[in-house]
Amino acid sequence: MRGGSGKIVVSTKTTMSAPNQPTPSAPIEAKHFLKHIIEDDLASGRVAGVVTRFPPEPNGYLHYGHAKSICLNFGLAATYQGRCHLRLDDTNPSREDQEFVDAIEASVRWLGFDWGKHHHFASDYFEQFYQFAEALVQAGHAYVDSQSADEIRAHRGSLINPGDDSPFRGRSPQENLALLREMRAGQHPDGSHVLRAKIDMASPNLNLRDPVLYRIRHESHHRTGSAWCIYPLYDYAHPLSDAIEGISHSICTLEFEDHRPLYDWVVARVAEAGFFNPASLPHQYEFSRLNLTYLVLSKRKLVDLIKGGVVTGWDDPRMPTLVGARRRGYTPEGFRRFVDQVGVSKSDGWIDISVLEAAMRDHLNEVAPRRVAVLDPLRLEVENLADGEVIDCDAANHPQDPGQGHRTMPFSNTLWIERDDFMVTPSKGFFRLTPGGRVRLKYAYVAQCTGYETDANGLVSVVRVKIFEDSKSGTPGADLYKVKGNIHWVSAAHGLRARVRLYDRLFAQPHPGARREGDPPEFERDFKDDLHPASLTEIEAVLEPGLASARAEDRFQFERHGYFVADLQDSKAQQPVFNRTVTLRDTWSPPQQRGLQT
């Protein structure tokens, strides 16, 4: 028997796009309300150009929700020939770290965006923030409160009751200014004083009830060291950072809608003091946050999963972080498709995780080369092929993309096939290998089962077949024999044994921690009660030999099994470790429907 040969093509690499631009393959997003606002602002002359920003706090790793914000802010800037800033809101030194800064930068770049020279930190503006604070104090818009945090909270009031004025609210501007300067000089301990805005303790919006602007914190900052012992609060630093940078459209999620009056108050009062042009102040706009089923996106809960040993770290492929998504094999293009599909609105709602999985599947179907893997091996012996004889079988790298070329698969007299591709007593509709039955060994020959063996436990251990040669050309893969079944194989003599991780959803319930029917009234469900017991299964599989040269982050479709990626952390030269990214189709069902205990 003779066979053809071909060239093995391992993978193609994703290229980085131009600054602030998605890659050319990203779909065109439909017009939404933010685009209408921007176009109206440009037409009316309210703004001369579009400047947006992505402003995460460097106190953790970015998650899937951040991906929506990144794509939205950078995407809008690109659409309207503007710019998008990356700004780290680093105003809480106790929770921030350079590790998180580096991870944020890497994740934004991985998604395909760049900020050019516009990389900023809130800490860049600490001196300006302080000068603004002195101006607010001198104008009577802020005061130093010497109550404790508990006392301030107790006097804040409720949604139905107004708050009470602080006993220190009547301090003179001169006394407040002296105290503020003492606070900056480090003359007072943590918690002894705060700087509060003087707005309205009876406001129906609790955010306007004299919010805290500065607190004392004798703690080293990851960028400014010990230069400061007072730090601004987010609601003070964020709008002022936007104003300093000339942000035209400050886009945030709906949970900040009630903070918008405070945002406007802060920039307007500082503008009154002569620091900004009142005609060019930034405006805040809100959109619905990303709520995905079968996930938790709270940083507190993500940290809980890590500290509890449920996952191995921020980059565990089951984590809904961008570093975890990257290790799992998710693609930047898939995220951008997903964001485009779910759209932008002002109404909160839930998106099923299958929508994200489908976006990844659609992109990987286009770009991932095909390979053969046997995940549950069963030995197949070819009786009419001599020991040591090897036949080169030709296989396309991608059936819909001829440009990806072909590769060679060695065929020998001992193969591995999937265990569920053979049944001694076939069920109705089973068209794979059975005693006396015929199937096509894909890319090779038609084979007929001549017998099988079982082990001491009655489990089939060996299947024997004979293969049929094409009498016209002498090559495998001919069409002389018409069979319904088509199964995959890997040569036992040449196959690569490799670790393969079959990842599944981390949670078994669509809303982890939510009450379920039948829960007693007094029962409080922990979100970890809904963990999926089989979110990770690690096996040793047999792969076609060309996969030995796979490099970290090379992606493939393992035919019939799904899309897989060579693990970014654990793959070594000639020893790749593969993670399942997503199955070939959405067939997911809750674990209890599969006989698993939750």
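Numbers for the structure displayed
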item: Asp455-Glu517 pseudo-label distance in nm [points 7 Å out on the Cα-to-Cβ vector]; result: 4.3 nm
item: The stretch 516-574 and the stretch 297-343: distance between their alpha carbon centers, rounded to Å; result: 13 Å
item: Peptide ranges 399-410, 452-463, 375-386 listed from the most packed, as the mean C-beta count within 10 angstrom indicates; result: 375-386, 399-410, 452-463
item: Label-reachable residues, the stretch 486-500, where backbone N falls under 11 Å from a point 7 Å from Thr414's Cα toward its Cβ; result: 492-494
item: Local electrostatic count at Glu99 - Lys and Arg +1, Asp and Glu -1, tallied over other residues with Cβ under 15 Å; result: -4
item: Per-peptide average of other Cβ atoms within 10 Å, ordering 391-398, 344-351, 417-424 highest first; result: 391-398, 417-424, 344-351
item: FRET efficiency for Arg585 and Asn205, using Cβ-Cβ distance with R0 set to 41 Å, rounded to 0.05; result: 0.25
item: 15 Å tail of the calculated P(r), the stretch 472-558, as % of Cα pairs; result: 76 percent
item: Zone of Ser146's modelled label, taken as backbone nitrogen in the stretch 155-173 under 16 Å from a point 7 Å along Cα→Cβ; result: 166-173
item: Electrostatic dipole magnitude of the chain [Cβ: Lys, Arg +1; Asp, Glu -1; Cα centre; debye, to 20]; result: 1500 debye
item: Gyration tensor over alpha-carbon atoms, the chain, equivalent ellipsoid semi-axes in Å; result: 61, 25, 20
item: Cβ crowding within 10 Å averaged over residues, with 290-298, 129-137 ranked highest first; result: 129-137, 290-298
item: Distance from the stretch 364-386 to the stretch 401-417 (C-alpha centre basis), Å; result: 8 Å
item: Under 19 Å from the His218 label point (7 Å along Cα→beta-carbon), backbone N, the stretch 183-197; result: 183-195
item: The stretch 239-359, dipole about Cα centre (Lys/Arg Cβ +1, Asp/Glu Cβ -1), debye to the nearest 20; result: 500 debye
item: Check: the stretch 249-320 dipole with +1 on Lys, Arg Cβ and -1 on Asp, Glu Cβ, in debye; result: 280 debye
item: Additional length obtainable on full extension of the chain from Ile37 to Ala279, 0.36 nm per residue less Cα span; result: 85.4 nm
item: Relative contact order (percent, whole number), the chain, Cα cutoff 8 Å, 6+ residue spacing; result: 14 percent
item: Extreme residue, positive dipole direction of the chain, given options Leu295, Phe558, Val424 (C-beta unit charges); result: Val424
item: Cross-link reach list, lysines versus Lys572, counting only Cα pairs under 21 Å and skipping chain neighbours closer than eight places; result: Lys13
item: In nm, spacing of pseudo-spin labels at Asp97 and Thr312 (7 Å Cα→C-beta vector); result: 1.8 nm
item: Scattering curve values for the stretch 318-400, log₁₀ I(q)/I(0), Debye with Cα scatterers, q = 0.13, 0.22 Å⁻¹; result: -0.66, -1.17
item: Area projected by the alpha carbon convex hull of the stretch 140-231, averaged over all directions, nm²; result: 6.1 nm²
item: Phe430 versus Leu254: modelled label distance in nm, points set 7 Å from Cα along the beta carbon direction; result: 5.1 nm
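A short reminder: the numbers here are calculations on the coordinates, not readings from a lab. Bear in mind the structure is a predicted one, so any value in this text is a computation, not a measurement. Every residue, glycine among them, receives a Cβ derived from its backbone with ideal geometry; neighbour counts consider all protein chains shown.
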